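All remarks here apply to the structure that follows.
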Amino acid sequence: MDRKTDVTIVGSGPAGITATIYLKRALIDVVLLDKYVPGGKVNFTAEIENYPGFNKISGPDLAGKFFEQIQNFGVEVTYGDVLDIEKKADQFKVITDDGTITSKFVIFATGTDERKMNIPGEDEFKGKGVSYCAVCDGSFYKGESVAVVGGGNSALQEALYLSGFVKKVFLVHRRQGFRADELLVKKVKSTSNIELVLDSVTLAVEGKELVSGLRVKNAITGEEKLLPVKAVFPYIGQIPATKGLSKLQVLDEHGYVIVDENMETKVDNLFGAGDVVKKNLRQIVTATNDGAIAAIEITHRSL
Ligand SMILES: Cc1cc2nc3c(=O)[nH]c(=O)nc-3n(C[C@H](O)[C@H](O)[C@H](O)COP(=O)(O)OP(=O)(O)OC[C@H]3O[C@@H](n4cnc5c(N)ncnc54)[C@H](O)[C@@H]3O)c2cc1C
């Protein structure tokens, strides 16, 4: 696949999808690339209650609606894992595992990857009880006990989702207080089959062929215990997914893409949008905001 287009959009999450909608409405040609399914992280979220227009919608349903909307413009997602981006003269070459796309503009909207616990057993039991996606794998554990690790909105949301059909959720958090919306904290605290395991760090995922427990240690008392769980769902934060940007030097010290108010990096015509950029709030609404701003700026420059 070697193609030429006006704008290459890397990542078909809310940021990339919104940029596509705005650009197609301006009759600008785009290639929308993703290495996985359209919709990005929204696909892996059980329920969304803070996206305007929907009181409550499941992540996969919202992702489906995003996809439907770009299909109305005749856009298909092109499969490709972006490995590198080069700029020569005024053209970018976006190099994927399946060919190269040449374009004058690039919008980089690759989101983030889940931060790992980095404890023994985590890699060994991935797919055998360790999962970073409750909405994908949770139903395998109906009637069983599971652990969710983390203290932010994602951890609490997914713990509540799992509590609807598992026997028990141990919610393991390294502090006493949560960094999550008060509404979620209240719901979690009043859910009878969620047991809080606070001030606790994870030590190891244990099992034979499949997970049979999560070893944790109370950071204050030093007491260790083995939580009898069949699955562990870590939600302890994100790391920016910036493979492909190494040559362009547009990242801050934490690896996020630095952009200006038009979502442009210091490299002319290279834009960042969504969770991958340096910002304070990583949500669907802020990702769609970024995609729209980048697309409108490109539209103005293309007139
Ligand atoms: C469990 C969980 C629950 C959440 N709940 C909510 C919520 O209730 N409300 C809310 O507003 N937000 C929620 N969020 C956050 C929200 O999902 C993100 O803010 C949003 O999806 C960011 O959109 P994005 O387009 O920047 O990136 P993403 O949605 O992460 O999409 C990035 C896309 O880029 C692709 N990609 C990455 N690297 C490459 C590459 N090298 N080549 C090609 N493609 C690549 C990925 O496959 C992905 O499809 C939640 C997140 C999680 C993890």
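The values are calculated or read from the model by the stated rules, or taken from the named source; none is laboratory data. Since the structure is predicted, the reported quantities are computational estimates derived from the model, not experimental observations. In this analysis, Cβ positions are derived from the backbone assuming ideal geometry, glycine residues included, and neighbour counts consider all displayed protein chains. Surface areas here come from the heavy atoms of the whole protein model, side chains and all, with no ligands, DNA or RNA. Shrake-Rupley method; radii C 1.70, N 1.55, O 1.52, S 1.80 Å.
One line per residue, one yes/no per condition, for (1) in contact with a Gly (Cβ under 8 Å, 6 or more places away or on another chain); (2) open to solvent by less than 20 Å² (accessible area, probe 1.4 Å):
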position: Tyr22; (1), (2): yes, no
position: Tyr36; (1), (2): no, no
position: Ile48; (1), (2): yes, yes
position: Lys56; (1), (2): no, no
position: Gln69; (1), (2): no, no
position: Asp84; (1), (2): yes, no
In the stretch 1-15, how many residues are more than 9 Å from the ligand (Cβ to nearest atom), modelled with pLDDT of 95 or more and either under 19 Å from the mean Cα position of the chain (by Cα) or not in a strand (DSSP E or B) (or both)?
1
Per the filter on the stretch 260-303, residues assigned to a loop (DSSP other than H, G, I, E, B), open to solvent by less than 40 Å² (accessible area, probe 1.4 Å) and out of contact with any Asp or Glu (no Cβ under 6 Å at 6 or more places or on another chain) are Thr265, Val267, Asn269
Pairs please, first residue from the stretch 16-35 and at pLDDT 95 or above, second anywhere and of a type in the set (Asp, Glu) and open to solvent by 20 Å² or more (accessible area, probe 1.4 Å), Cβ atoms under 6 Å, 6+ apart in sequence or on different chains.
Ile28/Asp6; Asp29/Asp6; Lys35/Asp81
Could you give me the residue pairs with C-beta distances under 9 Å whose first residue belongs to the stretch 275-303 and is assigned by TED's automatic domain parsing to the domain that holds Glu261, whose second residue is more than 13 Å from the ligand (Cβ to nearest atom) and at pLDDT below 95 wherever it lies, and which are 6+ apart or on separate chains?
Lys278/His254
Complete set of residues in the stretch 254-277 that are at pLDDT 95 or above, farther than 14 Å from Ala109 by Cβ and either of a type outside the set (A, V, I, L, M) or within 15 Å of the ligand (Cβ to nearest atom) (or both)
Gly255, Asp260, Glu261, Asn262, Lys266, Asp268, Asn269
Going through the stretch 101-127 in order, the residues found to be within 16 Å of the ligand (Cβ to nearest atom), of a type outside the set (Asp, Glu) and out of contact with any Gly (no Cβ under 9 Å at 6 or more places or on another chain) are Ser103, Val106, Lys116, Met117
Looking at the stretch 55-78, is at least one residue over 30 Å from Glu182 (Cβ atoms), in contact with a strand residue (DSSP E or B) (Cβ under 8 Å, 6 or more places away or on another chain) and near the ligand (Cβ under 10 Å from one of its atoms)?
yes
Kindly indicate whether any position in the stretch 41-48 is within 19 Å of Asp290 (Cα to Cα), touching a residue at least 40 places away in the same chain (Cβ under 8 Å) and within 10 Å of the ligand (Cβ to nearest atom).
yes
Determine which single condition Leu248 fails, assuming it passes every other condition in (1) within 11 Å of the ligand (Cβ to nearest atom); (2) of a type outside the set (Ser, Thr, Tyr); (3) in contact (Cβ under 8 Å) with a residue 40 or more places away in the chain.
(1)
Sort out which residues of the stretch 203-247 are under 17 Å from Gly274 (Cβ atoms) and either open to solvent by less than 70 Å² (accessible area, probe 1.4 Å) or of a type in the set (A, V, I, L, M, F, W, C) (or both), and write them in order of number.
Gly237, Gln238, Ile239, Pro240, Ala241, Thr242, Gly244, Leu245
The conditions are (1) open to solvent by 10 Å² or more (accessible area, probe 1.4 Å); (2) within 22 Å of Ile293 (Cβ to Cβ), and Thr102 fails exactly one of them. Which is it?
(2)
How many of the residues making up the stretch 128-148 are open to solvent by 10 Å² or more (accessible area, probe 1.4 Å), away from the ligand (no atom under 12 Å from the Cβ) and among the hydrophobic types (A, V, I, L, M, F, W, C)?
1
Identify, please: which residue in the stretch 208-241 is more than 30 Å from Asn280 (Cβ to Cβ) and hydroxyl-bearing (Ser, Thr, Tyr) and is, among those, nearest to the ligand (Cβ to nearest atom)?
Ser212
